[in-house]
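Participant: The structure follows.
The values are calculated or read from the model by the stated rules, or taken from the named source; none is laboratory data. Fair warning: this is a prediction, and the values are worked out from it, not measured in the lab. Cβ sites come from the backbone with ideal geometry, for glycine too, and all protein chains shown count toward neighbours.
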Amino acid sequence: MYRRCTALPAAVSALAAATILLSPATARLEAQASPPAIDNPGASRPDALDAARLEYYNARYESAAALTLGPCTTEVNGAAACELHTAALLLQIRNALGASAGNASAWKDCLGCPALLSAFKLALARGQVLARARLQEQPLDDETRFLLGKLDLNYVWLQLGTLGHKTGWDEYWEGRHSLDQVLARQPGHVRARVARGWVDYIVDTRMPRGTRWLLGGGNKKKGLLAIREAASTESDFFTGAEARFALWDTQVRERDVSGALATARILIRDFPENQELRKFIEAHRSVESSAAASSSR
């Protein structure tokens, strides 16, 4: 049983930064290594969920949400679709609010946001019910336990960061413990390593020292290492993509421009229609040119 609390400390709202790309950071990541390329064996004939993942990683979140709605709401094994559906809705809300995320007036001005939030809550509840029911029958089903943890964290990122609501204590602890249980049995589980790495990184870098203990502590170096190693681990196409996007995000946060550019170029090859990646590459092309000019002198 997880401890019930109606509100988290205000500082905990920074946890939501884990889902927001291109956030500012304060230090440079050391010794980043560019991950190997990944081939996409299913790109020509993707199934419904893979088609949604392609849309998601090409930053077409509305399309990804539409493709996952049916599987989430109708399939008995729809927890994976619900997880992706909530992630896509979260990013739609974040993009709609823009830089004013967490501002009450911005929420009032966002005409489409209430419907998106309602859809998020429905999909979250559906996914949690499916995952918990499955775990009642199969407590050692690590894929389902991971999905439960990821669903919980999607809720945390939405409430605390995007909406600025100081809530989500139960979901945070259930999500953290779920990831720890998966990794205790499967230390090489790439998706769980990435998600757990984010928790360690955000708690250590965004929490005031006096409140980190409320969240079980964090470890920036451990989190960065987990994400970097996950991005270099051989895995299936979409698992590798998730790890690489996490690597790119941390490189941006750590102001490792050259490393972030290298990772972005690998990602843009696999997801050529992702405009977020393209804008980043274009915005930092001059940095790369300057570095090349300096090395040739």
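Participant: Name, by its number, the condition in (1) at negative phi; (2) at pLDDT 95 or above that does not hold for R45.
Facilitator: The number of the failed condition is (2).
Participant: Write out, first by first residue and then by second, each pair whose Cβ atoms fall under 9 Å of each other, whose residues are 6+ apart or on separate chains, and whose first residue, in segment 236-258, is closer than 13 Å to D50 by Cα and free of Cβ contacts under 8 Å to residues at least 12 places away in the same chain while the second is surrounded by fewer than 23 Cβ atoms within 10 Å (Cβ to Cβ) and aliphatic (A, V, I, L, M).
Facilitator: The qualifying pairs are D236/I38; D236/V190.
Participant: In segment 117-152, what count of residues is obtained for those that are among the aromatic types (F, W, Y) and either under 17 Å from W173 (Cα atoms) or in contact with a Cys (Cβ under 8 Å, 6 or more places away or on another chain) (or both)? I'd like the intermediate steps shown before the answer.
Facilitator: Initially, segment 117-152 is screened for residues among the aromatic types (F, W, Y), giving 120, 146.
Keeping just the survivors that are either under 17 Å from W173 (Cα atoms) or in contact with a Cys (Cβ under 8 Å, 6 or more places away or on another chain) (or both) gives 146.
Going through segment 117-152 one residue at a time, the tally reaches 1.
Participant: To continue, here is another question. Those residues that are among the polar types (S, T, N, Q), surrounded by 20 or more Cβ atoms within 10 Å (Cβ to Cβ) and over 23 Å from A101 (Cβ atoms), I need them from segment 155-183; list them, please.
Facilitator: Across segment 155-183, the qualifying residue is only S178.
Participant: Taking segment 98-121, which residues are part of a helix (DSSP H, G or I), within 15 Å of L158 (Cβ to Cβ) and either in contact (Cβ under 8 Å) with a residue 12 or more places away in the chain or of a type in the set (S, T, N, Q) (or both)?
Facilitator: W107, C113, L116, L117, S118, A119, F120
Participant: Identify, from the list R134, R196, R145, the residue that is in contact (Cβ under 8 Å) with a residue 40 or more places away in the chain, in a helix (DSSP H, G or I) and either more than 24 Å from I227 (Cα to Cα) or not hydroxyl-bearing (S, T, Y) (or both). Talk me through it step by step, then tell me what you get.
Facilitator: Numbers: R196 fails: in contact (Cβ under 8 Å) with a residue 40 or more places away in the chain; R145 fails: in contact (Cβ under 8 Å) with a residue 40 or more places away in the chain.
The match here is R134.
Participant: Kindly indicate whether A231 is farther than 19 Å from D142 by Cα and under 18 Å from the mean Cα position of the chain (by Cα). Don't jump to the end; show me each part of the working.
Facilitator: Values: farther than 19 Å from D142 by Cα: yes; under 18 Å from the mean Cα position of the chain (by Cα): yes.
So A231 passes the test.
Participant: Now for a separate question. Wholly within segment 224-297, which helices (runs of 4 or more DSSP H) include no fewer than the required count, namely at least 1 residues that are modelled with pLDDT of 95 or more, of a type in the set (G, A, S) and touching an Asp or Glu at 6+ places or on another chain (Cβ under 7 Å)? Spell out the reasoning first.
Facilitator: Values: elements: 237-253, 257-270, 275-283, 285-296.
Where helices (runs of 4 or more DSSP H) fall fully within segment 224-297 and carry at least 1 residues being modelled with pLDDT of 95 or more, of a type in the set (G, A, S) and touching an Asp or Glu at 6+ places or on another chain (Cβ under 7 Å), they are 237-253.
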